[in-house]
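J.: Sending over a structure as structure tokens; questions will come in a sec.
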Amino acid sequence: MPGFEFFGAEERKEVNDVLETGILMRYGFDGPRKGIWKAKELETAIQDRFGVKYAQLTSSGTTALTTALVALGIGAGDEVIMPTFTFVASFESVIAAGAIPVLVDIDESLTMNPKAVEAAITRKTKCVMPVHMCGSMADLDALKAICDNHKLILLEDACQAIGATYKGKALGSIGHAGTFSFDFVKIITCGEGGVVLTNDKDIYTKCDAYTDHGHDHLGVDRGADLHPYLGYNYRISELHAAVGLGQIRKLDTFLDIQRKNKKVLKDALAKVEGVTFRVLPDADGDSASFLSFFLPDAEAAQAAADAMKAAGLPAFYWFNNNWHYIRKWDHFKNSHSLSALAPEIRERISEYATKQFPASDAIMSRCISTPIGLLWTEEETAEKATKLVEAVKSAFAVKA
Ligand SMILES: *Cc1c(COP(=O)(O)O)cnc(C)c1O
């Protein structure tokens, strides 16, 4: 699952190139850097690998989302529709952009339910932000049709789905913009980092400026740059970009291994009666970083997750997880902000203190995900499959 499992000589070589010159910043110092431009090189590699015209690296996936939202013109008064099952960065970035997060139910794809999206659209809706959770895709045809119909922006959070595709196109490359995260536990990593993908030159130009204090990067040197917009410092460093260069070249190897190992686990588990799997809108495009499945009820899912952990298998029971599912986002629901939020945002968020999501609960309370390792041998994978089947079967036995 995470690229850090495969850290080695490739990353060291790239980082050492940067350490040789000591130019750790991605901009300027044209002479002393001796032609070493790791961030630029990684952006080009990302454009080539994922089939997009433009890529803007950032300091994290969270800042990539904030940058994309701002560059797409989303701000005060705008509503952004996002799913109840995601990572906290979804609402963090929307709030950072000054907009209002509107949460909607997921379906058995573990991503936003297009019908729930449609029902949540108001006059203030500006953007739909699907999150391609746990390595696989949302129903992008349905979401795109809704966005086209209502003239809404589609921003794909593909932070967890690097290398996955939908109908042959890279996740993150299909909406008006998309994002990846290269944090330490993602499919490929920079240590910390992120990227905005887009095919729109105007959006890209705004991302480029926004992530570097509004610099237009057109001056003869940094001091001569103009500042057409307000911005922030969301830059990636050359050291982080160098790690990413080592990683991106290995992405296809990672994906091959994940798909092979996941198939062994999934084929074994498919023989257990009562187990069903996450719906994949395009199964061929799965990055296979996780195997996600459902038990018939919450009690069986909890028992299966416990049995898996006891057998030494990682089991994410997201229903009780305080990072990924709305149920435990008390800091969000109660607006526990260090400084005062804009009154409108605070008021709208307060709806979530009492709002219930029974449709999402009914799915998440039955769901378990287990990560797929990159370093498992064939024997280890077979052994894990056997243990997984035993653990899940034991959950049914408890019930009987
Ligand atoms: C990791 C992640 C992010 C944020 O990425 P960071 O690089 O950790 O800031 C955003 N969205 C999702 C779905 C993620 O998994």
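Taken together, the values in this text are just the output of simple stated rules run on the coordinates, not laboratory data. Keep in mind it's a predicted model, so treat the numbers as computed, not measured. Cβ placement follows ideal geometry from the backbone for every residue including glycine, while neighbour counts extend to all protein chains displayed.
J.: Please list, ordered by chain and number, the residues whose modelled amide H lies under 5 Å from the amide H of residue 229; skip anything fewer than 5 residues away on the same chain.
T.: Under 5 Å from the amide H of residue 229: no residue qualifies.
J.: What would the Debye formula give as log10 I(q)/I(0) at q = 0.18 Å⁻¹ for the alpha-carbon point model of region 316-389, no solvent?
T.: Those come out to -0.81, one per q.
J.: Whole number please: convex hull volume per residue, Cα atoms of the chain, in Å³.
T.: Per-residue hull volume (Cα only) is 139 Å³.
J.: Give, rounded to the nearest 20 debye, the magnitude of the charge dipole that the chain has about its Cα centre when Lys and Arg contribute +1 at Cβ and Asp and Glu contribute -1 at Cβ. Please list the in-between numbers first.
T.: Working: 43 positive and 52 negative charges, 58 e Å.
The calculated dipole for the chain is roughly 280 debye.
J.: Grab the beta carbon distance between residue 340 and residue 233, set R0 = 25 Å, and tell me the FRET efficiency rounded to 0.05. The partial results should precede the final answer.
T.: Numbers: r = 23 Å, r/R0 = 0.94.
Rounded to the nearest 0.05, the efficiency is 0.60.
J.: What does the highest-first list of 322-334, 257-269 look like by mean Cβ count within 10 Å? Each step should come with its number before you reach the end.
T.: Details: 322-334: 16.2, 257-269: 18.5.
Final packing ranking: 257-269, 322-334.
J.: Moving on. On full extension of the chain, what length is gained from residue 185 through residue 222, given 0.36 nm per residue of separation minus the C-alpha to C-alpha distance?
T.: Here the answer is 9.9 nm.
J.: Further question: Report, ordered by chain and residue number, the lysines lying within cross-link reach of residue 151, taken as a straight Cα distance under 16 Å and ignoring same-chain residues fewer than 8 apart.
T.: Filter leaves 124, 126.
J.: Residue-wise, which Karplus ³J(HN,Hα) couplings in Hz belong to region 321-334, taking 6.51 cos²θ - 1.76 cosθ + 1.60, θ = phi - 60°, and x for glycine or proline?
T.: Along region 321-334, the couplings run 9, 8, 9, 10, 10, 3, 3, 10, 8, 5, 5, 6, 4, 9 Hz.
J.: What do you get when you divide the Cα radius of gyration of region 1-71 by 2.2 N^0.38 Å, with N the number of residues?
T.: Region 1-71 yields a ratio of 1.28.
J.: From zero outward in steps of 5 Å, how is the percent of C-alpha pairs of region 235-383 spread across the bins?
T.: With a bin width of 5 Å, the distribution comes to 1, 8, 13, 15, 14, 13, 12, 11, 8, 3, 1, 0.
J.: What list do you get for 133, 112 if you sort them by fewest beta carbons within 10 Å?
T.: 133, 112
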